[in-house]
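Just below is one structure, and these are the notes that go with it.
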Amino acid sequence: KNQVEQSPQSLIILEGKNCTLQCNYTVSPFSNLRWYKQDTGRGPVSLTIMTFSENTKSNGRYTATLDADTKQSSLHITASQLSDSASYICVVTLDYKLSFGAGTTVTVRA
Amino acid sequence: EPEVTQTPSHQVTQMGQEVILRCVPISNHLYFYWYRQILGQKVEFLVSFYNNEISEKSEIFDDQFSVERPDGSNFTLKIRSTKLEDSAMYFCASSPRGQGAVKSPLHFGNGTRLTVT
């Protein structure tokens, strides 16, 4: 069973709108939780990295939150742009092992 | 900004052939990794490499696979006797510290798409 579950699997939003992606994990405790953006045909690019004790981390229009009690993280995209169309992957690290979620595919339409 | 570079971007090979995927990690990084992503599926860990030896490998990384750092810059993944199910995107990654270190950034290359026919 995958230790990192993401929802929704995919979503479509209009340009300029906000959206929130969810990540539930069972890996606990962990070293850090990461969010990556993966454009089609490209390698993942790091957006945020949070330790167990951090609640929120921002990178421009991307804001990640972490609730260690409920083992949930979310990634909020503000004022979406066409270039935000990509897959967003949640990754949880325990020791040296990374557990990848299957990703949420975001499509931003004009 | 320094990047992880991978070549070729696309490799087509026949079943049973050997392929070598090449990567140039970021120059001051010490830890190197190979991951793969089968089309439509999640990224999967294959192997990590540090100090000229494998530090960890997954169950996917069987005797068919090997890694090598032949010189100070290249990091290669060799797949012997390829199978149809080896078709995937293979990503190389590097980091300055191990992934257990707090906030050790992991930098991915853009991948090699391997197609086995």
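The values are calculated or read from the model by the stated rules, or taken from the named source; none is laboratory data. Everything numeric here is computed off the predicted structure, so don't read it as measured data. So basically every Cβ, Gly included, is an ideal-geometry build from the backbone, and we count neighbours across all protein chains shown. All accessible areas refer to the heavy atoms of the entire protein, side chains included, with ligands and DNA or RNA removed. Shrake-Rupley method; radii C 1.70, N 1.55, O 1.52, S 1.80 Å.
Observations
- Among the numbered conditions (1) under 20 Å from A:T40 (Cβ atoms); (2) open to solvent by less than 10 Å² (accessible area, probe 1.4 Å); (3) touching a Gly at 6+ places or on another chain (Cβ under 8 Å), the only one that B:N110 does not meet is (2).
- A single member of A:K37, A:K17 is part of a strand (DSSP E or B), closer than 18 Å to A:T105 by Cβ and in contact (Cβ under 8 Å) with a residue 12 or more places away in the chain, and it is A:K37.
- Verdict on A:S99 being buried (at least 17 other Cβ atoms within 10 Å of the Cβ), away from every other protein chain (no Cβ under 11 Å) and among the polar types (S, T, N, Q): no
- Scan of the stretch B:26-54 for residues that are without any contact (Cβ under 8 Å) to a residue 40 or more places away in the chain and open to solvent by 20 Å² or more (accessible area, probe 1.4 Å), ordered by number: B:G40, B:Q41, B:K42, B:E44, B:F45, B:N51, B:N52, B:E53, B:I54
- Residue in the stretch A:28-47 that is under 23 Å from B:I38 (Cα atoms), open to solvent by 50 Å² or more (accessible area, probe 1.4 Å), in contact with a Lys or Arg (Cβ under 7 Å, 6 or more places away or on another chain) and within 14 Å of chain B (Cβ to nearest Cβ) present: yes
- Answer from B:S81, B:S55, B:S66 - the residue that is facing chain A (nearest Cβ under 8 Å) and out of contact with any Cys (no Cβ under 7 Å at 6 or more places or on another chain): B:S55
- Picking from residues in the stretch A:65-94 that are buried (at least 20 other Cβ atoms within 10 Å of the Cβ) and among the aliphatic types (A, V, I, L, M), the one that is modelled with the lowest pLDDT is A:V92.
- Counted residues, the stretch B:56-69 - those being without any contact (Cβ under 8 Å) to a residue 24 or more places away in the chain and either open to solvent by 40 Å² or more (accessible area, probe 1.4 Å) or under 18 Å from B:I26 (Cβ atoms) (or both): 6
- B:G72 fulfils the conditions (1) more than 15 Å from B:I20 (Cα to Cα); (2) in contact (Cβ under 8 Å) with a residue 12 or more places away in the chain; (3) surrounded by fewer than 20 Cβ atoms within 10 Å (Cβ to Cβ); (4) not hydroxyl-bearing (S, T, Y) except for a single criterion, (2).
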